[in-house]
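Participant: Please find one structure pasted underneath; my questions will follow.
The values are calculated or read from the model by the stated rules, or taken from the named source; none is laboratory data. Every value quoted in this text rests on a predicted model; they were computed, and no experiment measured them. Cβ placement follows ideal geometry from the backbone for every residue including glycine, while neighbour counts extend to all protein chains displayed. Only protein heavy atoms, including side chains, enter the accessible area calculation; ligands, DNA and RNA are left aside. Shrake-Rupley method; radii C 1.70, N 1.55, O 1.52, S 1.80 Å.
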Amino acid sequence: LVDAPGTGLAYGRLTEDTIQDHALAAVDQAEALHFVERSAPLTVVGFSLGAAPAARFAAGQERVQSLILLAPVLSLQDIARARQSSFRFLLREELNTSAWLVQCLRKSHPPVISLFHDTADRKVPFWMSQRLRDIAPNKFRLTTVKSINPDDQHDLLSLCFAEICPEK
């Protein structure tokens, strides 16, 4: 799990480029520590606002075989609009998940793309996952989940855990 630059314990400025740099550094570190082999296929998981950087990473890396998006946001503008934020005009980064998913589909070996969303989610509306699925309905799988508490992100994560970390 990687904190985005400028959030949590991570230093720096939150931009699409710095997020990408942190993701690449995380993979390099995992390889250096022998958590993953250098040529091993990767599964990338993006949660909420992390869906766009995850999709961007998957679009740029041939090793990514699977992309899992949990409660994905279409873009920063769309989530600001959905939450009726008057600060949309201040947003400098787009974080456009749908644009990066289109790039994933253009790869010679596109990753398997799975979307998970709670239909009762009050933070990220379910229709955002539906719109993403509609980009390529026969290529993206949308799984609806019913969590105990739709405001608890850990609840959604635990319901999707079997898909994210399948037993060998």
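Participant: Only one of (1) at pLDDT 80 or above; (2) part of a helix (DSSP H, G or I); (3) open to solvent by 20 Å² or more (accessible area, probe 1.4 Å) fails for ARG81. Which number is that?
Facilitator: Only one criterion in (1) at pLDDT 80 or above; (2) part of a helix (DSSP H, G or I); (3) open to solvent by 20 Å² or more (accessible area, probe 1.4 Å) is unmet by ARG81, namely (1).
Participant: Restricting to the stretch 62-77, and then to whatever is in a loop (DSSP other than H, G, I, E, B) and buried (at least 17 other Cβ atoms within 10 Å of the Cβ), can you tell me which residue is nearest to the chain's Cα centre (by Cα)?
Facilitator: Taking the stretch 62-77 and keeping what is in a loop (DSSP other than H, G, I, E, B), we get 62-63, 71-75.
Filter once more, so that each one left must be buried (at least 17 other Cβ atoms within 10 Å of the Cβ): 71-75.
Details: ALA71: 8, PRO72: 6, VAL73: 8, LEU74: 10, SER75: 11 Å.
If we take residues in the stretch 62-77 being in a loop (DSSP other than H, G, I, E, B) and buried (at least 17 other Cβ atoms within 10 Å of the Cβ), then PRO72 is nearest to the chain's Cα centre (by Cα).
Participant: Now for a different question. Output the residues belonging to the stretch 97-106 that are in contact with a helix residue (DSSP H, G or I) (Cβ under 7 Å, 6 or more places away or on another chain) and open to solvent by 20 Å² or more (accessible area, probe 1.4 Å).
Facilitator: SER98, TRP100, GLN103
Participant: Take residues that are at pLDDT below 90 and tell me which of the helices (runs of 4 or more DSSP H) falling wholly in the stretch 87-168 contain 1 or more.
Facilitator: 153-159, 161-164
Participant: Which of the residues that make up the stretch 115-134 are surrounded by 14 or more Cβ atoms within 10 Å (Cβ to Cβ), touching a residue at least 24 places away in the same chain (Cβ under 8 Å) and more than 19 Å from GLY60 (Cβ to Cβ)?
Facilitator: Once the filter is applied, which keeps residues that are surrounded by 14 or more Cβ atoms within 10 Å (Cβ to Cβ), touching a residue at least 24 places away in the same chain (Cβ under 8 Å) and more than 19 Å from GLY60 (Cβ to Cβ), the stretch 115-134 yields LEU115, PHE116, HIS117, ASP118, THR119, ASP121, LYS123, VAL124, PRO125, MET128, SER129, ARG131.
Participant: Going through the stretch 1-60 one residue at a time, which ones are hydrophobic (A, V, I, L, M, F, W, C), modelled with pLDDT of 85 or more, outside any helix (DSSP H, G or I) and within 30 Å of ARG83 (Cα to Cα)?
Facilitator: The answer is VAL44, VAL45, PHE47.
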